[in-house]
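The values are calculated or read from the model by the stated rules, or taken from the named source; none is laboratory data. Everything quoted here is computed from the prediction, not taken from an experiment. Neighbour counts are summed over all protein chains in view; Cβ atoms, including those assigned to glycine, are modelled from backbone coordinates with ideal geometry.
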Protein chains: 2
Amino acid sequence: MVASTTAGFRQLSQLGEFGLIRRFSRMTPKAVGAPLGIGDDTAAVVPSGKNHLMLLTCDPVIEGVHFDSSAAPFQIGWKAMARNLSDIAAMGGKPLYALVAASLPRKITTAQALEIYRGIMAATRKFGVAVVGGDTARSPHGIHVTVTVVGEVARSEIVARSGARVGDGLCVTGTLGASIRGKHLRFQPRMTEARFLARRFRPSAMIDVSDGLASDLRRLSEQSRVGFEVWAGALPISSDLRAQKLSKAREIHHALCDGEDYELLFTIAPGRLSRLQTIWKKRFRLRLTQIGVVRPRVFGIRLIESAGSRKILPFPSAGHDHFG
Amino acid sequence: MVASTTAGFRQLSQLGEFGLIRRFSRMTPKAVGAPLGIGDDTAAVVPSGKNHLMLLTCDPVIEGVHFDSSAAPFQIGWKAMARNLSDIAAMGGKPLYALVAASLPRKITTAQALEIYRGIMAATRKFGVAVVGGDTARSPHGIHVTVTVVGEVARSEIVARSGARVGDGLCVTGTLGASIRGKHLRFQPRMTEARFLARRFRPSAMIDVSDGLASDLRRLSEQSRVGFEVWAGALPISSDLRAQKLSKAREIHHALCDGEDYELLFTIAPGRLSRLQTIWKKRFRLRLTQIGVVRPRVFGIRLIESAGSRKILPFPSAGHDHFG
């Protein structure tokens, strides 16, 4: 690409992903009635009739970024669809339609290409989405699959990231850490669980853990304008992470930073917590763990050993930045 | 990527883009109420309330496929948005929302990245679309921008590819050929013209010329189950193509095959043709040319010198195949 003649010859890696998104956001006129803008790594929300909202999400999976050459084609397809479904789920939404834009290199076999599509279709069948269109193109380099999902949610059921209130419990589903050992390719979007939560227990805020609990908690903190007290001892560590037999401090660091767990991280009014835990246990085999509480904004995000403990542990500062 | 263990070790280039799309289509359950399926390189159509349909389109632009390293960043962004808008236009639709998934290599400058976004925004402003979301990721190789556009159309105004009737006139807007000399990066989606046609003149079938008139005419032929008589002498040749001073035969070949003209190719009842041409001239500065007529399917697609001529000229057989 030729050098642009406008100012600003810094390399993209200096500005970073979040800087770029912020600059782009400023160019973007706010959509009429769109409660959320671009760049917060969430589904876009636009009006859809009187009682509903449309959710729109579009995330790529790219060879060398989101998977490496050892990934099975089926899992590449599964991941391409599932990470978008996870975005819809985290807002309490229901997926309806999907578009699949696949750029595939000439070198792969027909069987491999079809395995990618089979992975996509397995995820759509499981979660009741209809693939209605898309595009197939040649890629001069690696595999690149971008899935768009259109979903909907009742206005009364949408869960945003901005509603956490001081005193709410902070909870996470499943376990955290070491997703790179395989889970990031075969994770289950927590669709049923998220719909159950949105309808029956109205979380005050919810997000799916994609960039790592530390980053995603910071997003909730910024958008809800609150702080968090996180209990290190309560973090549900994945068996893959435990199997690595790291020091407790390293284990916690991985649980907070590995990313791509695709679990639900949410806040909920304290009065609903014990009933939720009782009903959850009857209904799902998946773990549900309270890992902290919502605190005022000035509190910041603090990691402590357990509820009531005074010892503050270091909380990782860096978020995931694609251009970093 | 590891070799798949299922059958079919042919390389993708042997199956081809259309073969792959056909195989994928067979895996895809038809969406409830979706009048058109995947793989016809058109916007997907799904229900949206009582009187409207939602149009969904998602096409990538890929460095090394849809543009080369000499393309200006602004034009890359423009093209990424405009080719999706052209798909919506060709169905008589109105674009509403867009998502932008941009994968950018670390090597490009911030100014270049922002120029891509400026190109995207220029197209959205011009055609009244709101960018509501998307994703920014690192690309290990070239630039890769996938835009999704959500549009809508009144049920009474949608123009499909399947409605051409024997005796209809075949028309094209603008000029054809040599788009590679720049037009493919700075073309104008024929949004206003398409909406005007859909509302006032109800074309029986319409498509935007993306893969080349020969290929796109074949699509109309298959989906409408008709043949076409095309008048070589009437084809509106672009000034860029004329400037190449080729033989008449080569010129016609380029006009039929170059692709990426993004003009509207449509069929219309013969009784409406002369009135359309009168009103069109008053309203638009863009050319509108009748280039043939719809014939029965058994006629096939025949190129003749001009209306009434008996000499059949060779009609190009190959369509554009990304994996070919």
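A few remarks follow.
- When we screen B:A154, B:A130, B:A113, B:A122 for residues that are within 22 Å of the chain's Cα centre (by Cα), crowded, with 20+ Cβ neighbours inside 10 Å and either touching a residue at least 12 places away in the same chain (Cβ under 8 Å) or more than 7 Å from chain A (Cβ to nearest Cβ) (or both), the only hit is B:A130.
- Sole exception among (1) away from chain A (no Cβ under 14 Å); (2) touching a Gly at 6+ places or on another chain (Cβ under 6 Å); (3) assigned to a strand (DSSP E or B) for B:S215, by number: (3)
- Checked against (1) touching a residue at least 60 places away in the same chain (Cβ under 8 Å); (2) within 21 Å of A:D211 (Cα to Cα); (3) facing chain B (nearest Cβ under 10 Å), A:S86 passes all but a single condition, namely (3).
- From the list B:P203, B:P189, the one residue that fits, being over 13 Å from the mean Cα position of the chain (by Cα), of a type outside the set (G, A, S) and part of a loop (DSSP other than H, G, I, E, B), is B:P203.
- The one condition in (1) in contact (Cβ under 8 Å) with a residue 40 or more places away in the chain; (2) within 7 Å of chain A (Cβ to nearest Cβ) that B:A164 fails to fulfil: (2)
- Some residue of the stretch B:257-266 being assigned to a helix (DSSP H, G or I) and in the same structural domain as B:T175 (by TED's automatic domain parsing): yes
- Pairs, first without any contact (Cβ under 8 Å) to a residue 12 or more places away in the chain in the stretch A:286-311, second part of a loop (DSSP other than H, G, I, E, B), C-beta under 8 Å, six or more apart: A:K311/A:E305
- Out of B:L246, B:L235, sole residue that is touching a Leu at 6+ places or on another chain (Cβ under 8 Å), on the phi < 0 side of the Ramachandran plot and not small (G, A, S): B:L235
- The residue that is nearest to B:P105 (Cα to Cα), among those in the stretch A:133-142 that are buried (at least 18 other Cβ atoms within 10 Å of the Cβ) and without any contact (Cβ under 8 Å) to a residue 60 or more places away in the chain, is A:S139.
- Taking the numbered list (1) assigned to a helix (DSSP H, G or I); (2) farther than 24 Å from A:G151 by Cα; (3) in contact with a Phe, Trp or Tyr (Cβ under 7 Å, 6 or more places away or on another chain) in turn, B:R106 passes all entries but (1).
Residue-wise test of (1) crowded, with 22+ Cβ neighbours inside 10 Å; (2) without any contact (Cβ under 8 Å) to a residue 40 or more places away in the chain; (3) in contact with a Gly (Cβ under 8 Å, 6 or more places away or on another chain).
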residue	(1), (2), (3)
B:S179	yes, no, yes
B:A194	yes, no, yes
B:R199	no, no, yes
B:D208	yes, no, no
B:L220	yes, no, no
B:V226	yes, no, no
B:A234	no, no, yes
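- Index of the failed condition, B:Q244 passing every other in (1) surrounded by fewer than 23 Cβ atoms within 10 Å (Cβ to Cβ); (2) closer than 30 Å to B:V153 by Cβ; (3) not charged (D, E, K, R): (2)
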